[in-house]
Amino acid sequence: MQTGHRTARSPKPFEPHFGPGTDPFETLLPSPRGMGRRAGSLSGTVAQRIAAFGARTGNGAWPKLPRANIAQRLAALQSRPDNIRQYNLNACGPAAAMHLHATRDFAAFANMVMTLYDDGKAAFGKIGLRSDDLDGIDPQAFAGNATPGHLLLDWMILASLRKNDSAFFDGTPDDDLSAITTPGEMVHWLKDGVGFAEADAQTNLAFNKDLDHLRGLKVAPDLQPVLLVNSGVLRGKSDKKTKRAEKKSAKSQGIIGKGLAMFPNHWAPLLQPVTDDTKPVRVWSWGGPQDFPSLDTPVWSEGYWGAVVARA
């Protein structure tokens, strides 16, 4: 890893991206299929609040996070609420939860962000988020892996959620075991955070889940599965070197049975039901819709561990 610090540029003052008398929602992008029922729920009042938030002075409870960066990013998420990005954090679980929060109720999401920034604490549904032990961190100064200024908002909310349930998480890209999201935590976040009526952990951390389970998952405005997979599924292959490294890491963490070559390490909301084994599996991951390899790719038999299924 490279050493040294990156000098952050001073952000430009926040300016709303819509002019006087214009409707900021004329260019609102339609949410991808399966994104939820309220992705376009932003009201003019909320847009005005974002502008007022950006116009205030001071960095709230986060002295290392310029207000202009947070306001500009929040305004950009108006048209792309599905663009939450984990970037350099091992925070795919928090990213999946916050993605669903933003796409289902952007007004509540925006209020959470602004309150957390100004007060150092905010409500994610019934879950309390706090800036404790994170507010003194400068993500733009991470040695060799700095967070870009335009993604400081993403770092703030993902680190805050992960810190809420993991005392050893320190908010840096070096977090490994402390950054893991368990199925129980995902259930908690989807029910008590996003606001689903129920969430069922249909997962198994000791053995792979049968692929018929994945084929049987449905996606609807009131039904959202979040897949638990191995990152090798993203690559569509699992070479011997990768499998040895993953097996060694999994054993050291005590979360895998002896002899298994892959382990669950990535959460991804399913966007479309799997109806054809020869077509890509459509999920949300890394800030937008992604195509995982088709189900007839051999890696799926080793890399699928079930899903948490949430119902409104």
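The values are calculated or read from the model by the stated rules, or taken from the named source; none is laboratory data. Here the structure is a predicted model, which is why all the values come from computation and not from measurement. So basically every Cβ, Gly included, is an ideal-geometry build from the backbone, and we count neighbours across all protein chains shown.
Out of 76, 51, which single residue is at pLDDT 95 or above, over 14 Å from residue 151 (Cβ atoms) and surrounded by fewer than 21 Cβ atoms within 10 Å (Cβ to Cβ)?
Exactly one of 76, 51 is at pLDDT 95 or above, over 14 Å from residue 151 (Cβ atoms) and surrounded by fewer than 21 Cβ atoms within 10 Å (Cβ to Cβ), namely 51.
Please go through the range 187-199 and give me each residue that is of a type in the set (A, V, I, L, M, F, W, C) and either more than 18 Å from residue 109 (Cβ to Cβ) or not in a helix (DSSP H, G or I) (or both), ordered by number.
Passing the criteria: 187, 196, 197, 199.
Could you please let me know if residue 71 is within 26 Å of residue 196 (Cα to Cα), in contact (Cβ under 8 Å) with a residue 40 or more places away in the chain and assigned to a helix (DSSP H, G or I)?
For residue 71, the condition - within 26 Å of residue 196 (Cα to Cα), in contact (Cβ under 8 Å) with a residue 40 or more places away in the chain and assigned to a helix (DSSP H, G or I) - is not met.
Do the conditions hold for residue 207, that is, is it in a loop (DSSP other than H, G, I, E, B), over 18 Å from the mean Cα position of the chain (by Cα), farther than 21 Å from residue 273 by Cα and free of Cβ contacts under 8 Å to residues at least 24 places away in the same chain?
Against the criterion (in a loop (DSSP other than H, G, I, E, B), over 18 Å from the mean Cα position of the chain (by Cα), farther than 21 Å from residue 273 by Cα and free of Cβ contacts under 8 Å to residues at least 24 places away in the same chain), residue 207 does not qualify.
Can you find a residue that is in contact with a Phe, Trp or Tyr (Cβ under 8 Å, 6 or more places away or on another chain), more than 29 Å from residue 220 (Cβ to Cβ) and either surrounded by fewer than 22 Cβ atoms within 10 Å (Cβ to Cβ) or aliphatic (A, V, I, L, M) (or both) anywhere in the range 89-110?
yes
So in the range 111-124, with the set limited to residues that are small (Gly, Ala, Ser) and surrounded by fewer than 18 Cβ atoms within 10 Å (Cβ to Cβ), which one is nearest to residue 72 (Cα to Cα)?
The selected residue is 120.
Would you check if residue 164 is crowded, with 16+ Cβ neighbours inside 10 Å and not in a helix (DSSP H, G or I)?
no
Collect the residues in the range 71-101 that are within 17 Å of residue 114 (Cα to Cα) and among the polar types (S, T, N, Q), keeping them in residue-number order.
Of everything in the range 71-101, those that are within 17 Å of residue 114 (Cα to Cα) and among the polar types (S, T, N, Q) turn out to be 72, 78.
Evaluate the range 126-134: report whether one residue or more is outside the structural domain of residue 95 (by TED's automatic domain parsing), buried (at least 18 other Cβ atoms within 10 Å of the Cβ), at pLDDT 95 or above and hydrophobic (A, V, I, L, M, F, W, C).
No, the range 126-134 contains no residue that is outside the structural domain of residue 95 (by TED's automatic domain parsing), buried (at least 18 other Cβ atoms within 10 Å of the Cβ), at pLDDT 95 or above and hydrophobic (A, V, I, L, M, F, W, C).
Is it fair to say residue 83 is under 21 Å from residue 285 (Cβ atoms) and either polar (S, T, N, Q) or at pLDDT below 95 (or both)?
Yes.
For the list (1) out of contact with any Lys or Arg (no Cβ under 7 Å at 6 or more places or on another chain); (2) modelled with pLDDT of 95 or more, I need the number of the one condition that residue 105 fails.
Looking at each condition in turn, residue 105 falls short on (1).
A quick yes/no check of all residues on (1) closer than 22 Å to residue 88 by Cα; (2) touching a Lys or Arg at 6+ places or on another chain (Cβ under 8 Å):
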| residue | (1), (2) |
| --- | --- |
| 166 | yes, no |
| 173 | yes, no |
| 184 | no, no |
| 197 | no, yes |
| 207 | no, no |
| 221 | no, yes |
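Just give me the residues in the range 98-130 being of a type in the set (Val, Ile, Thr) and in a strand (DSSP E or B), in sequence order.
127 - this is the single residue of the range 98-130 that is of a type in the set (Val, Ile, Thr) and in a strand (DSSP E or B).
Identify all residues within the range 196-223 that are in contact with a strand residue (DSSP E or B) (Cβ under 8 Å, 6 or more places away or on another chain) and among the acidic types (Asp, Glu); write none if there are none.
198, 200, 222
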